[in-house]
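See structure below.
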Amino acid sequence: MNRKREFIKVSLILILSILFMFTSCKKEVLTPATVTTEQTVSNIKTTSAQSGGNVTDYGGPKIIMKGVCWSTKADPTLTDSISLDGPGGGSFTSQLNYLIPNTTYYIRAYATNSAGTSYGLSVSFKTDNLTAVSTELVVSDITATTAVIGGTVMENKSDSVLARGVCWSTRINPTVDDSITIDGKRNGNFVSKIINLLPNTMYFVRAYATDNTGTVYGDAVGFMTKKLAQVSTQITVSKIYYSTAESGGVVISDGGESIIARGVCWNSEPNPTITDFKTINGSGLGSFTSSLRNLENYTRYYIRAYVTTIAGTAYGDEVSFTTLKPVTDIDGNIYHEVTIGNQTWLLENLKTTKYRNGDLIGTTIATQILPNETSKYQWAFNDDESNVAKYGRLYSWYAVSDSRNLAPEGWHVATNTEWNILLNYLMANGYNYDGSIGGTAAGNIVAKSLCAQADWELSTNDGAVGNKVSDNNISGFTALPAGSRSYNGIYDFLGRTGFWWTSTELSLVDGYYRSMNYLNANLISGTIDKRTGYSVRCIKD
């Protein structure tokens, strides 16, 4: 009995041992992972895109590598292009690069473990088309320095165009490293204006468009800029005054085009152009004279002659000049000057109330002035200060001759001899009202050439200052009829006669003066009591 139990026990042990042995030697079953492909391909460009997948079941062994594979044929495999997105499971994103523009691709996710590689479903997409651009074949509106051309951008996605325009150079096939225009960021037609070209030069131009993949170009087109006309500037600027001057130039060549305009241009900055101040002095070849107006006092100006044709505007050499600086007296009154012959005169009658050293020149309203050396006075006509701005002040000869000097620094009251020099110059140089030349007192009909074109009473006398006043003042002296004040205190002759003291004395009581009257044509010389109030004109030292 015991032997039978022992046998059963040993048998069980043997059977369990065999079962254990068989159980412990059984091999693990290996299966591939399960992976799905991301259904939407994103960030599709001309040469790149994004996709991905998700490893949902490892299949037992761990994942060695995962990613996507792609090809232009259906159901791509690891033998095609692939991404390597690391080991492990879960979702992942893949970057696809080096694609061909405007091409259909197939993509599917993959996952690899020791059991092999498994794939998700295949998904297809198409890359964007590469930007294309064509150059407008006709270059229009060609001048010596500008031209107009354009192009057309042809592209599937307008938001991918970063810049468009044209590029140009004197060499064939220019690029964006040369001169360019930038004409927007979208598809379609565009027009470009090319500037800063050289005259009479061959250029090549082509359209371009830049996107995130680079720059593409249209065909190159060649064109020739036009010749410019030639002009030289008159080197010497003449008749320079406070607000005016004269210059000009010579048109040497029209460059083969009709001349539209010529003249001079100027500004207070160098290199003036026709967008600054300018004159227009006709057209055609040859020389021309230009009058510059509305200049600022004591200002440096730069001036160039110009000539304009359909090809553009050409300029002569630059010349500079400075307008005259106004003269000021001790009171701060401003005067201007005019040169006649070898003399330079102030254009206005003196207005000061002080001597050069700052001492006041007295005034009086007394009806009677005693004949003595202390009668040094100045007056506004009719004691009305509003007359001073136009006509200046009236002075007694005693004030004129005072050693403290009432003239501005660098100037003096003209002598009788200096007035005679002025008269003789005018008579000898055709300033008589009839244009005659006479060097004697008999030819003294010069008053019209000295008197202003306004403020004189009118006259029907032939050659008189008041007759045809628009013919007055060809000398530029601009004399005005400021009237006078008698030593009895009577003001008279305003608008009819101008009287000017000279600094020359006749006697203890009389001095020399000059006058002009609206009824005649003469520059009159005379003498009168020194207590009389007359105007004063100054001449440069």
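Per residue, the Cα convex hull of segment 245-284 amounts to 89 Å³. In the structure shown, the pairs Lys354/Lys468; Lys390/Lys468; Lys185/Lys226; Lys239/Lys448 are assessed against 28 Å; a Cα-Cα span above that value is assigned to Lys354/Lys468; Lys185/Lys226. Estimated from helical segments only, the mean residue ellipticity of the chain at 222 nm is -2500 deg cm²/dmol, where each DSSP H run of four or more residues counts as -39500 (n - 2.57).
Scattering from segment 355-433 was approximated by placing one identical point on each alpha carbon and applying the Debye formula without solvent; log10 I(q)/I(0) at 0.13, 0.20 1/Å stands at -0.57, -1.00. Phi-derived couplings, Karplus 6.51 cos²θ - 1.76 cosθ + 1.60 at θ = phi - 60°, listed residue by residue for segment 231-241: 9, 10, 8, 4, 5, 9, 8, 10, 6, 7, 10 Hz, with x used for Gly and Pro. Normalised by the number of residues in segment 407-447, the mean separation of alpha-carbon contacts (under 8 Å, six or more apart) gives a relative contact order of 30 percent. Between Lys239 and Ala261, the distance separating the two model label sites (each 7 Å from Cα on the Cα→Cβ line) works out to 2.2 nm.
Between segment 195-218 and segment 338-372, the C-alpha centres lie 72 angstrom from each other.
Compute the orientation-averaged projected area for segment 491-541 from the convex hull of its Cα atoms and round it to one decimal in nm².
On the way: hull surface 16.9 nm².
Here the figure is 4.2 nm², rounded to one decimal.
Using a simple spin-label model with pseudo-atoms 7 Å out from Cα toward Cβ, Ile490 and Ser42 lie 11.0 nm apart. Simple point charges give the picture: +1 on the Cβ of Lys and Arg, -1 on the Cβ of Asp and Glu, and for segment 230-322 a dipole about the Cα centre of about 200 debye. For segment 230-322, the relative contact order is 36 percent, taking Cα pairs closer than 8 Å that sit 6 or more residues apart in sequence and dividing their mean separation by the residue count.
Once divided by 2.2 N^0.38 Å, the Cα radius of gyration of segment 34-126 becomes 1.01. For segment 473-486, backbone phi angles converted through the Karplus equation (6.51, -1.76, 1.60; θ = phi - 60°) give residue-by-residue couplings of 6, 5, 7, x, 5, 6, 6, 10, x, 7, x, 8, 10, 6 Hz, Gly and Pro being listed as x.
Working from Cα pairs under 8 Å separated by at least six residues, relative contact order for segment 371-466 is 15 percent. When the listed pairs Lys351/Lys540; Lys73/Lys126; Lys278/Lys540 are checked against a 21 Å cut-off, the alpha-carbon distance exceeds it for Lys278/Lys540. Over segment 145-204, the ratio between the Cα radius of gyration and 2.2 N^0.38 Å evaluates to 1.20. Taking R0 as 41 Å, what's the FRET efficiency between Arg300 and Ile421 from their Cβ-Cβ distance, rounded to 0.05? In this case the efficiency is close to 0.80.
Note on segment 377-526: the alpha carbon radius of gyration divided by the globular reference 2.2 N^0.38 Å gives 1.05.
On full extension, the segment bounded by Asn212 and Leu84 gains 43.6 nm, given 0.36 nm per residue less the C-alpha separation. The alpha carbons of segment 230-322 give a radius of gyration and a Dmax of 12.4, 41 Å, in that order. Take the Cβ atoms of Asn461 and Gln343, set R0 to 41 Å, and the FRET efficiency comes out at 0.90. Please work out the FRET efficiency for the pair Val176 and Val138, using the Cβ-Cβ distance as r and a Förster radius of 25 Å; give the result to the nearest 0.05. Approximately 0.65, to the nearest 0.05.
With 20 Å bins beginning at zero, the pair-distance distribution over Cα atoms of the chain amounts to 16, 24, 16, 15, 11, 10, 4, 2, 1, 0 %.
Just so you know, all these numbers are worked out from the coordinates, no wet-lab data involved. Everything quoted here is computed from the prediction, not taken from an experiment. Quick reminder, even Gly has a Cβ in these numbers, built from the backbone with ideal geometry, and neighbours come from all protein chains shown.
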